[in-house]
Amino acid sequence: MAALVVPAPSARRRVVARFRRNSRAFIGGAVLVALAAMAVAAPALSPYAPDVANFEHRLAAPGGTHVFGADHLGRDVLSRTVWASRTSLSIGFLSTAIAVVLGVVVGANAGYFGGWTDVTLMRMTDMVLAFPVFFITVMFLALFGPSIHGLVFVIGATSWPPTARIVRAEFLRMRTLDFVSAARSLGASEIRVMARHILPNVIAVIVISVTLRVGVSILAEASLSYLGLGVQPPTPSWGNLVADGREYLRSAWWVSLLPGAFVFISVMAFNLLGDGLRDAFDPKMKI
């Protein structure tokens, strides 16, 4: 009787299977999808306009009229938190995009070409890591003024070194493999080898870096906005909403609680998703 041969699952299926088995990562991904949907549907989900003041409801406690209470100007806390998700998530994703692009360009060139290119780019990376990033960010925003564009730029421009180091390590490992040598022997240019043969094999590492970096960027935005150097009123963000309630923590704790909870939930969800993706892409993990 002929033996039954069961084909081995493909690499993509193994990754999906490992991700589905990680309940924490699945929950993190579901929470992020819900947050993104909330940001997109903010006009439909918010019961009130986010910038309409009603002094008759000033510091109203959570109840029927305002489910999560009102702030010191009588604005609905729930509505402002829902609208703030657009600002905070946008800053997180855009600043991460800048950081990842810079990190991939620097890390890929350093790892592939080596030599003086590697030394120069890595010493530049070490210089950025050596500076106190938070104080540089504060100084930049204090000099040029707080704005959303400035916030996106400075967070992205100061948070690329970790991605660069990870990508460099992957390019160093792959540049000597057989398929890369075969591509070179067939006449492929250096740019083509990097973009078409090595970079697709590094996408998993980049995706993991993105998920972890967005959470850090959201936390940075919240910290800077809390200090008054980030998003400026009347535009709501989770950070400046928490700052609005810091003077009323004893008497009206709900003003800061909800936006602060969203910062915590979003950062935690990104970390759970990043950890889950790292485990899913790890070939040493068994199904």
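Derivation of every value follows stated rules applied to the coordinates shown; laboratory data play no part. Since the model is a prediction, treat every value here as computed from it, not as a measurement. Don't worry about glycine lacking a Cβ; one is built from the backbone with ideal geometry, like all the others, and counts go over all protein chains shown.
Shown for PHE140, PHE270: other C-beta atoms within 10 Å of each C-beta, ranked fewest to most, produce the order PHE140, PHE270.
Size descriptors for the stretch 27-126: radius of gyration and Dmax over Cα atoms are 22.0, 69 Å.
Compactness of the stretch 167-252 was expressed as the Cα radius of gyration divided by 2.2 N^0.38 Å, which yields 1.90. Mean residue ellipticity at 222 nm, helices only, the chain: -22000 deg cm²/dmol; runs of at least 4 DSSP H residues each add -39,500 (n - 2.57), and the sum is divided by the number of residues.
Projected label points at VAL105 and LEU45, each 7 Å from Cα along the beta carbon direction, are separated by 3.4 nanometres. Once divided by 2.2 N^0.38 Å, the Cα radius of gyration of the stretch 197-236 becomes 1.74.
So for ASP71, ASP51, ASP126, ASP118, fewest C-beta neighbours within 10 Å to most, what's the order?
Details: ASP71 23, ASP51 14, ASP126 11, ASP118 18.
Least crowded to most crowded, the residues run ASP126, ASP51, ASP118, ASP71.
Here the gap between VAL207 and PHE264, fully extended at 0.36 nm per residue and compared with their Cα-Cα distance, gives a gain of 18.4 nm. In this simple spin-label approximation, ARG58 and LEU143 carry label points 7 Å from Cα along the Cα→Cβ vector, and these lie 4.1 nm apart.
Within 10 Å of each residue's Cβ, count the other Cβ atoms and sort TYR226, TYR248 from fewest upward. Please report the intermediate quantities before stating the final value.
Values: TYR226 21, TYR248 15.
Lowest count first: TYR248, TYR226.
What longest region of the chain stays clear of trypsin sites (Lys or Arg not before Pro) that DSSP places outside H, G, I, E and B and that have at most 14 other Cβ atoms within 10 Å? Walk me through the intermediate numbers first.
Numbers: sites that count: ARG58, ARG250, LYS284, LYS286.
The longest uninterrupted stretch comes out as 59-249.
Magnitude of the charge dipole for the stretch 117-192, about its Cα centre and with charges confined to Cβ atoms of Lys, Arg (+1) and Asp, Glu (-1), is about 100 debye.
Counting only Cβ charges, +1 for Lys and Arg and -1 for Asp and Glu, the dipole size of the chain around its Cα centre is about 1160 debye.
Stokes-Einstein diffusion for the stretch 208-279, with the hydrodynamic radius set to the Kirkwood value over Cα pairs and evaluated at 37 °C in a medium of 0.692 mPa s, equals 257 µm²/s.
Projecting the Cα positions of VAL77, ALA61, MET127 onto the charge dipole of the chain (unit charges on Cβ atoms of Lys, Arg, Asp and Glu, taken about the Cα centre) puts MET127 furthest along the positive direction. In units of the rule-of-thumb radius 2.2 N^0.38 Å, the chain shows an alpha carbon radius of gyration of 1.23. Note on the stretch 137-208: Cα-only Rg and Dmax are 17.9, 53 Å.
If all Cα-Cα distances of the stretch 137-287 are sorted into 5 Å bins from 0 onward, what percent lands in each bin, rounded to whole numbers? P(r) for the stretch 137-287, in whole percents per bin: 2, 8, 13, 14, 14, 12, 10, 9, 7, 5, 3, 2, 1, 0, 0. The residue list ALA182, GLY260, ALA195 was ranked by how far each Cα lies along the charge dipole of the stretch 162-287 toward its positive end, using unit charges on Cβ atoms, and ALA182 comes out on top.
For the stretch 193-287, the dipole from Cβ point charges (+1 on Lys and Arg, -1 on Asp and Glu) about the Cα centre works out to 280 debye, to the nearest 20. Taking a point 7 Å out from the Cα of TRP116 in the direction of its Cβ, none of the residues of the stretch 191-218 has a backbone N less than 12 Å from it. Restricting to Cα pairs below 8 Å that are 6+ residues apart, what does the relative contact order work out to for the chain? Please round to a whole percent. It rounds to 27 percent for the chain. Using a cutoff of 8 angstrom between alpha carbon atoms and counting only pairs six or more residues apart, the relative contact order for the stretch 90-158 works out to 56 percent.
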